[in-house]
Amino acid sequence: SGKTHAAMGALKSARSGIYCGPLRLLAWEVHDRLNGEGVACNLLTGQERVEHDGARHAACTIEMAPLNAHVACAVLDEIQMLGSEQRGWAWTRALLGLQADELHVCGDDTAVDLVRRLCALTGDSLRVLRYERLSPLAVGRPLGGVRAVEAGDALIAFSRREIYRLKALVER
């Protein structure tokens with residue numbers, strides 16, 4: 001989307017930075033993209049740690065966000081997850097704890113009021129930018145169950161237990 005694209009541009013051009021996202025796959029994507037574009041970038045997830053010599057950038061899952069390092073630019077992706085009962089703590093921790101000169105907070109408009117109130121409490125300034133979507137978002141056909149999964153379809157799960165449950169259903 002436009003908002004993430006702009007934030008990633010700022011991250012790439014910064015002297016140091018961190019991307020924090022909700023999914024291991026997104027962290028890998030950012031890691032691979034930055035390294036592919038000549039920006040040495042480490043990877044930190046709950047399952048992997050990939051370090052590159054001289055890297056001043058990192059891509060991580062939100063729970064792994066390092067609060068002890070200062071960076072020029074940080075990107076918090078999917079900030080609306082602040083409202084998640086299971087994982088909201090991680091976005092709150094990163095939003096309030098990351099040491100960044102510039103913090104790009106990307107996500108749904110539903111989170112703007114909460115972020116605005118948190119910034120007022122901490123004395124931080126906030127500038128809200130709204131972007132047009134770069135590619136159209138369309139709802140695809142409903143799957144109608146896992147038996148209808150075809151090559152190219154994606155099933156998304158947010159816990160290891162759910163991943164294995166879905167895997168067992170698909171393999172039947």
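Numbers for the structure displayed
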quantity	calculated
Nearest 10 degrees, 0 to 90: helix 160-171 Cα axis against the chain principal axis	30 degrees
Area of Val128 that stays accessible when all protein chains are in place (1.4 Å probe, Å², to 10)	50 Å²
Accessible-area value, Leu103, 1.4 Å probe, nucleic acids and ligands omitted, Å²	70 Å²
Angle between the chain longest axis and helix 2-13 axis [Cα atoms, degrees, rounded to 10]	50 degrees
Restricting the stretch 1-67 to trypsin sites (Lys or Arg not before Pro) in coil, as DSSP defines it, with at most 11 other Cβ within 10 Å	Arg15
Approximate spin-label separation Leu126-Ala148, in nm, with each point projected 7 Å along Cα-to-Cβ	4.0 nm
Apportionment of accessible area to carbon and sulfur, the chain, percent (1.4 Å)	52 percent
Nearest-20 debye value, the chain charge dipole, Cβ charges on Lys, Arg, Asp, Glu	300 debye
Rounded to 10°, Cα long-axis angle of helix 24-36 versus longest principal axis of the chain	60 degrees
The stretch 1-79 - percent relative contact order, Cα under 8 Å, separation 6 or more	40 percent
For the chain, built as a Gaussian network whose Cα springs stay under 10 Å, the top-fluctuating residue of Ala154, Ala72, Ala55	Ala154
Cα→Cβ-extended label distance, 7 Å offset, between Arg15 and His52, nm	2.0 nm
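The values are calculated or read from the model by the stated rules, or taken from the named source; none is laboratory data. All values derive from a computational prediction rather than experimental measurement. So basically every Cβ, Gly included, is an ideal-geometry build from the backbone, and we count neighbours across all protein chains shown. Ligands, DNA and RNA are excluded from the accessible area calculation, which covers all protein heavy atoms including side chains. Shrake-Rupley method; radii C 1.70, N 1.55, O 1.52, S 1.80 Å.
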